[in-house]
Amino acid sequence: MTSTASQASPIPRALTIAGSDSGGGAGIQADLKTFAALGVYGMSAITALTAQNTVGVLGVLDVSPDFVVLQINAVAEDIGVDAVKTGMLSSPEIVEAVAGAVREHGFTRLVVDPVMVAKSGDPLLSDSAREALVRHLLPLALVVTPNLHEAQALAGFPVENSQDMERAARAIQALGPRFVVVKGGHLAQAPRDILFDGNSFIQFPGVRIETPHTHGTGCTFASAITAGLARGLDVPEAVALAKKFVTRAIESGLALGHGHGPTHHLAHLYDLAKKAGEFPPC
């Protein structure tokens with residue numbers, strides 16, 4: 001296990017290094033809900049505070065790189081870490097600081113969600129931050145999980161169909177990560193994700209779920225992979241777990257607020273509770 005704490009742990013441990021979503025649907029909040037739902041103890045290092053809701057982002061306040069590292073050190077040196085996920089890393093200084101901490105603590109089960117481009121296609125990272133991500137963090141990643149927009153930004157060519165996704169996965173894998181998952185939720189045809197290990201592809205077909213309540217799906221998918229890795233699954237097993245988990249979360253999306261509501265991170269637990277005749281939550 002990847003851990004800098006010496007004591008044995010009674011539960012798998014995962015750390016998310018990402019931004020806070022005050023609306024609770026994405027970012028740190030989505031990651032911690034996902035970890036808990038999948039039987040993993042979650043910890044966090046917050047990289048940015050956001051004021052946001054289901055309609056949009058009202059403001060962003062970056063945390064200093066030194067304080068991001070201090071948060072990572074605090075949990076790694078005491079509690080220990082079995083797997084790590086990164087999300088919103090909004091400046092090159094934060095990217096470099098996080099990469100340094102990953103190397104320092106020897107985190108090998110690292111999932112990088114390259115939060116670079118919004119669902120709308122709008123850029124979320126500056127060119128310098130994107131370059132830092134490619135140069136410093138991707139070579140340390142076990143898994144990277146770009147959507148189609150992010151795959152296009154990383155690969156440098158349009159990604160619009162399954163053939164493009166495979167080409168992009170090869171190009172991104174050449175940047176250093178061991179595994180690449182290109183997410184095909186935005187495909188015009190039936191959605192599918194592909195996993196590339198440098199030699200072969202594994203297809204994860206999906207179904208189109210007609211719902212506007214998809215806020216946080218990327219964070220949820222990446223954190224579910226991280227939870228699987230923390231529990232000792234190999235990468236294909238962790239991706240399969242994450243695909244099943246996020247699909248159920250999207251199916252049960254919550255109609256909260258006036259915009260795009262969040263996915264339901266606890267949907268499968270509510271299903272189990274209902275079957276057992278316990279606390280039907282809502």
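FYI, it's all coordinate maths here, none of it is from the lab. Everything numeric in this text was worked out from a predicted model, so none of it was measured. Positions of Cβ are generated from backbone atoms using ideal geometry, with glycine treated the same way; all protein chains shown enter the neighbour counts.
By how many nm would the segment from ALA51 to ALA174 grow when fully extended, if each residue of separation counts as 0.36 nm and the alpha-carbon distance is taken off?
On the way: separation 123, 0.36 × 123 = 44.28 nm, distance 3.61 nm.
Extending this stretch completely gives an extra 40.7 nm.
Backbone phi angles across segment 230-246, fed through the Karplus curve with coefficients 6.51, -1.76 and 1.60 (θ = phi - 60°), yield HN-Hα couplings of 4, 7, x, 6, 7, 4, x, 5, 5, 5, 4, 4, 5, 4, 5, 5, 6 Hz in residue order; Gly and Pro are listed as x. Here LYS183, LYS33, LYS244 are placed in order of increasing Cβ neighbour count within 10 Å, fewest first, which gives LYS244, LYS33, LYS183. Between ASP66 and GLU251, how many nm apart are label points set 7 Å from Cα along the C-beta direction? Distance between label points: 5.0 nm. Residues whose amide H lies under 5 Å from that of THR16, counting only those 5 or more places away or on a different chain, are MET43, SER44, ALA45, LYS85; hydrogens are built 1.01 Å from N in the peptide plane. The relative contact order of segment 13-275 comes to 19 percent, based on Cα pairs under 8 Å that sit 6 or more residues apart.
Computed on the Cα trace of the chain, the radius of gyration divided by the Kirkwood hydrodynamic radius gives Rg/Rh = 0.94.
When the alpha carbon gyration tensor of segment 131-282 is reduced to an equivalent ellipsoid, its three semi-axes come out at 29, 18, 14 angstrom, largest first. Between LEU58 and PHE201, the FRET efficiency from the beta-carbon distance, with R0 = 41 Å, is close to 0.50. Amide hydrogen proximity for GLN52: with H placed 1.01 Å from N in the peptide plane, the residues at 5 or more positions away or on another chain lying under 5 Å are SER22, GLY23, LEU58.
Under 5 Å between amide hydrogens, built in the peptide plane, is the criterion, and for ASP193 it picks out GLY184, PHE204, GLY206 among residues at least 5 positions away or on other chains.
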